[in-house]
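Structure record follows, encoded as structure tokens.
The values are calculated or read from the model by the stated rules, or taken from the named source; none is laboratory data. Not measured: the values here are computed from a predicted model. Cβ placement follows ideal geometry from the backbone for every residue including glycine, while neighbour counts extend to all protein chains displayed. The area values use the complete protein model at the heavy-atom level, side chains included, leaving out ligands, DNA and RNA. Shrake-Rupley method; radii C 1.70, N 1.55, O 1.52, S 1.80 Å.
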Amino acid sequence: MNTRGAPKRSFAGGAPLVLFVLAGLVGLAAGCARDVTEDDCKAVGAHLHELWTAEAKFPEAASPSAEKAVAVVKSEGQKLEESFLADCKRDLVGKPRASGEFSCLRHAKTLADVRTCATIPAH
């Protein structure tokens, strides 16, 4: 728990993850490509939120502070999804992308897998 009673995350914060993923995707605009769509962004954003929730550390005991901590963790997952969606729409929609990275991100099973997808070298 941190000083506000919220659980500490076992990985870096959501905003750095979004920037890391977007940086990797921007570099993948060559090769076999089609344009990024808003649906691509929505699918990846929703999946990132799911992964966040799956890997988040929730309090084990029920208490008022635990309820607040759960609300904070859920809120951070929502912010991660919204941040990715906004950045993806702004930076990637309508631009060509390599064929595999969005598929890789949608099929990632952990946030570590997401980081791996974001570092796929351009073809």
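Length gained on full extension, Glu55 to Lys89, computed as 0.36 nm times the residue gap minus the Cα-Cα distance: 9.7 nm. Of all aspartates and glutamates in the structure, the ones whose alpha carbon falls short of 16 Å from that of Lys74, not counting any fewer than 8 places away in one chain, are Glu50, Glu55, Glu60, Glu82. Placing +1 on the Cβ of each Lys and Arg and -1 on the Cβ of each Asp and Glu in the stretch 38-118, which of Val73, Ala54, Leu92 has its Cα farthest towards the positive end of the resulting dipole? Toward the positive end, the furthest listed residue is Leu92. Ordering Glu50, Glu101 by accessible surface, largest first, gives Glu50, Glu101; the 1.4 Å probe counts only protein heavy atoms, with every chain in place.
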